[in-house]
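Take a look at the structure set out below.
The values are calculated or read from the model by the stated rules, or taken from the named source; none is laboratory data. Everything numeric in this text was worked out from a predicted model, so none of it was measured. So basically every Cβ, Gly included, is an ideal-geometry build from the backbone, and we count neighbours across all protein chains shown.
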Amino acid sequence: MYLVSSYHRLLAGIRYCLRVAITVLICCGLSYAGSMRFESAGTYVSNDTYYLDAFARVDLGMEPIQALVNGVELHFLVQLAVYKTRRWWIDTPILERRLRYRLDYYELTQHYRVTNLQSGKSENFRSVAAALRELGSLSRYALLPANEINNRRQYVASIQLELDLTRLPGPLMAQALRSREWQLETEEFQWSLN
């Protein structure tokens, strides 16, 4: 009986310490930095067109999410490129494209909206995690006609995603440019096109 009560006191003590530690972290304003990275990207040919499928894991971190929930629109930039590789010279770009997206939060309906700024198409999500999954994925994106690729040459495609700090409101942009928590971008992800 004595061992059981000692065990329960020990568990209660551990729970108390965990509560205190979490409270201290919250009160001190300690937050985590977000991250972005591509997990996969690739192209395939269908109907004489090269299509792109890509997926990036996007985690914004505390400061950008707090700004989003407080009404700040977050803008994202996807940069796509296809290069003809050359052995003794600089690679030649045959395609360079920028895609822009916006992430909003609507307090009244408590949903997040991802908008493709080129097409105007938008989708609503109940959670920020679902919105970020959508933001990090490109599916069946028409890249270029297949006849622009000469099969006897080597081509490399690349993709990069970043949080566009230049689209933040002035005072927040000044703070974001100095803060590591706002410096969110993927490394350039490359793969062979053919």
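Things to note:
- Tyr83 satisfies every condition listed in (1) assigned to a strand (DSSP E or B); (2) without any contact (Cβ under 8 Å) to a residue 40 or more places away in the chain; (3) aromatic (Phe, Trp, Tyr) except (2).
- Flag for Arg167 being in the same structural domain as Arg87 (by TED's automatic domain parsing), surrounded by fewer than 14 Cβ atoms within 10 Å (Cβ to Cβ) and over 16 Å from Val82 (Cα atoms): no
- In the stretch 161-183, the residues that are part of a loop (DSSP other than H, G, I, E, B) and modelled with pLDDT of 90 or more: Asp164
- Residue in the stretch 153-160 that is in a loop (DSSP other than H, G, I, E, B) and either under 30 Å from Arg87 (Cβ atoms) or outside the structural domain of Leu68 (by TED's automatic domain parsing) (or both) present: yes
- Some residue of the stretch 67-88 being touching a Gly at 6+ places or on another chain (Cβ under 8 Å), surrounded by fewer than 16 Cβ atoms within 10 Å (Cβ to Cβ) and basic (Lys, Arg): no
- Leu135 passes every criterion in (1) among the aliphatic types (A, V, I, L, M); (2) closer than 20 Å to Leu77 by Cβ; (3) surrounded by fewer than 17 Cβ atoms within 10 Å (Cβ to Cβ) apart from (3).
- Taken over the stretch 86-116, the criterion of being part of a loop (DSSP other than H, G, I, E, B) and touching a residue at least 40 places away in the same chain (Cβ under 8 Å) is satisfied by Asp91 alone.
- Residue within the stretch 126-140 that is over 14 Å from Leu60 (Cβ atoms), of a type outside the set (Ser, Thr, Tyr) and more than 20 Å from the chain's Cα centre (by Cα) present: no
- Residue in the stretch 17-37 that is closer than 30 Å to Leu172 by Cα, surrounded by 13 or more Cβ atoms within 10 Å (Cβ to Cβ), at pLDDT 90 or above and out of contact with any Leu (no Cβ under 7 Å at 6 or more places or on another chain) present: yes
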